[in-house]
Structures are given as C-alpha cells and as structure tokens.
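What follows is a single structure, written as structure tokens, with notes after it.
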Amino acid sequence: MATKTVARNPRGIRKQIRTGQWRGVTSGAAPGFVQANLAILPRDLAFDFLLFCQRNPKPCPLLEVIEPGSVEPAITAPKADIRTDVPGYRIYRDGVLTAEVDSLVDHWQDDLVSFLLGCSFSFESAMIDAGIPLRHQEMGSNVSMFITNIPTQPAGVFSGPMVVSMRPIKRAQIVRAVQVTTRFPATHGAPVHIGDPSAIGIKDIYQPDFGDSVEIKPGEEPVFWACGVTPQAVALTCKPPLMITHAPGKMFITDQRDADYAVL
C-alpha cells in the first residue's frame, strides 16, 4: 500500500482510497479543497444529532446531511460513496469503540443518516499561504486532539465535552492565525483557546487523546481550534446504540473549494 497520495485532486484521491491504494492522514491532501468529518447514525437518532450540530456550530459545522440509506454526498461530492471513500472508519456501539475498518460496505444499514461536518484541515492551506508553518505537516503526522472541559450544548440524547485540535504557532504569528482562520466559519473558524492547556482541562499537552504528539518549540504557544472529532467524545459519553465516524485525521475529501466557504 502506498504511503502517500499520488493524486492531488479529490476524485483521484477518493479513488485511491476506495481501491485500497492509500489510507493515510488527509492533512495536506488535495490542497484548496474542503475536507469533512463524518458522523453516521440510525434515523431515529438523526434529528437529535442535527439539533446538536445546530446548537454547537464551532465543533460541528454542518456541510451536508445525506438522506437515510443513501451513500452519495450529492451536494459536496457527487458520485462519491460515503461507505468507501474515507481512509478509515470507527464503529461505536453503546459508547464502546468496537471496530476500526477500511470500508462500511459490510456494515451498512438502510436507516443510516450521514452527516458531513467541516474540518480544520480545510483552512490549513490558507495558513500555509499566510506563511504560518504547521508542525504536524512538517513531521508527516496527525494533528494533536484533546478532550477538554468545555461543555457542548445538549440536544436530545446528545451531550458531552468539546474536542479541540492543537497547532503550535509562533507568538508573532498568532494574530495572523486568528485572522486567517476566522474567515472559515464552516470549518471551525477562529480558535477557541490560546495558551495554557490546563485552563481547558488538558493535563499533558504531549499526551493527546486522538492523533499524534507534536513539539512546541520556544517562542511558540499552543493554539486550539474546535474539532469535528467532538461527536466521538459525545459517543463515549452518551453511548448511542450505534455511531459510525471517520478515524481521527482521516477525513472525507469533498469537491468543494475552501475559497467558496471563506468569508471576507
């Protein structure tokens, strides 16, 4: 299996994922195109989760809701297949991670509703264009993600803590990083916290709950953005009978351009 993508366009990368040629972390893949977190739930839980997303737009900005049983994200990536075109999936049953799989074909049900949520990987191209380096991309690793003490707004059966992603930013570039990412509210927007990790309940910045540890160098501060892995923390808290998500760092790559979701 290839260790890195060959294709640079979304359809080409999705084809490589679907055929098993590539299963990597998608940060830096298809620059300029929107990436999405994935949450899939049975239809009888879908309204509660939709309401949860509407009440928590920072960690769960909705890009598309796919009809029950349908596998095609017709708005964001026509002709794609949500069961096969993500590099990795997690299956939670009653709040327990029971499987990590490369395909959902053998796990699909006709009552499943799929939610695509904005991902902070989508604004990383703009950060790089602004001269802000990204440590996890330099390392070829996943971004660090943490479960915080920041509560989400409950909706129906869903509640739980917010998950954040962290990127070390040079102090002189923090204002610029805020300005750049604020332009992308559909993919988490501005940071939710800057500096002291303990203030949001993170005990050890080098022991992330999801993703990989990255070094914070002298002259840098940890900067935290709301993260679309939040539904996975919610699954652990609320224990729905079934929730399927992407594996952390392995997103669905859409055909939509980052620039189309930016605000001036």
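Among the residues of the range 232-253, the ones that are buried (at least 24 other Cβ atoms within 10 Å of the Cβ) and over 10 Å from the mean Cα position of the chain (by Cα) come to 6 in all. Would you check which residues across the range 51-89 are acidic (Asp, Glu), surrounded by fewer than 20 Cβ atoms within 10 Å (Cβ to Cβ) and touching a residue at least 12 places away in the same chain (Cβ under 8 Å) and list them? Of everything in the range 51-89, those that are acidic (Asp, Glu), surrounded by fewer than 20 Cβ atoms within 10 Å (Cβ to Cβ) and touching a residue at least 12 places away in the same chain (Cβ under 8 Å) turn out to be Glu64, Glu67, Asp81.
Matching residues to (1) in a loop (DSSP other than H, G, I, E, B); (2) at pLDDT 95 or above; (3) outside the structural domain of Phe33 (by TED's automatic domain parsing); (4) in contact with a Ser or Thr (Cβ under 8 Å, 6 or more places away or on another chain):
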residue: Arg83; (1), (2), (3), (4): yes, yes, no, yes
residue: Ile91; (1), (2), (3), (4): no, yes, no, yes
residue: Thr98; (1), (2), (3), (4): no, yes, no, no
residue: Asp106; (1), (2), (3), (4): no, yes, no, no
residue: Gln109; (1), (2), (3), (4): yes, yes, no, no
residue: Phe115; (1), (2), (3), (4): no, yes, no, no
residue: Ile128; (1), (2), (3), (4): no, no, yes, no
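Of all positions in the range 90-101, at least one carries a residue that is on the phi < 0 side of the Ramachandran plot, touching a Gly at 6+ places or on another chain (Cβ under 8 Å) and touching a residue at least 40 places away in the same chain (Cβ under 8 Å).
Let's see how each residue does on (1) assigned to a loop (DSSP other than H, G, I, E, B); (2) assigned by TED's automatic domain parsing to the domain that holds Ala99; (3) within 23 Å of Leu50 (Cβ to Cβ):
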position: Ser213; (1), (2), (3): yes, no, no
position: Lys217; (1), (2), (3): yes, no, no
position: Pro222; (1), (2), (3): no, no, no
position: Ala233; (1), (2), (3): no, no, yes
position: Lys250; (1), (2), (3): yes, yes, no
position: Gln256; (1), (2), (3): no, yes, yes
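Going by the conditions given, is Val101 closer than 16 Å to Phe210 by Cα, in contact with a Phe, Trp or Tyr (Cβ under 7 Å, 6 or more places away or on another chain) and not hydroxyl-bearing (Ser, Thr, Tyr)? Here the answer is no, as Val101 does not meet what is asked.
Applying a threshold of 7 Å to beta carbon distances and a minimum spacing of six or more residues, or different chains, the list of pairs starting in the range 9-29 at a residue that is surrounded by fewer than 21 Cβ atoms within 10 Å (Cβ to Cβ) and ending at one that is modelled with pLDDT of 95 or more and among the hydroxyl-bearing types (Ser, Thr, Tyr) reads Arg18/Thr84. Looking across the range 167-184, just one residue is assigned to a helix (DSSP H, G or I), within 18 Å of the chain's Cα centre (by Cα) and surrounded by 15 or more Cβ atoms within 10 Å (Cβ to Cβ), and that is Thr181.
Note on the range 167-222: residues that are in contact with a His (Cβ under 9 Å, 6 or more places away or on another chain) and farther than 28 Å from Leu236 by Cα total 1.
Residue count for the range 235-248, restricted to those that are aliphatic (A, V, I, L, M) and assigned to a strand (DSSP E or B): 2. Considering (1) buried (at least 19 other Cβ atoms within 10 Å of the Cβ); (2) of a type in the set (Lys, Arg); (3) not assigned by TED's automatic domain parsing to the domain that holds Lys15, the lone condition that Lys203 does not fulfil carries the number (1).
Annotation: Gly24 fulfils all but one of (1) in contact with a Phe, Trp or Tyr (Cβ under 7 Å, 6 or more places away or on another chain); (2) closer than 21 Å to Phe210 by Cβ; (3) not basic (Lys, Arg); the unmet one is (1).
The values are calculated or read from the model by the stated rules, or taken from the named source; none is laboratory data. Predicted model, so just to flag it, every value in this text is computed and none were measured. Using ideal geometry, Cβ is built from the backbone for each residue, glycine included, and neighbour counts are taken over all protein chains shown.
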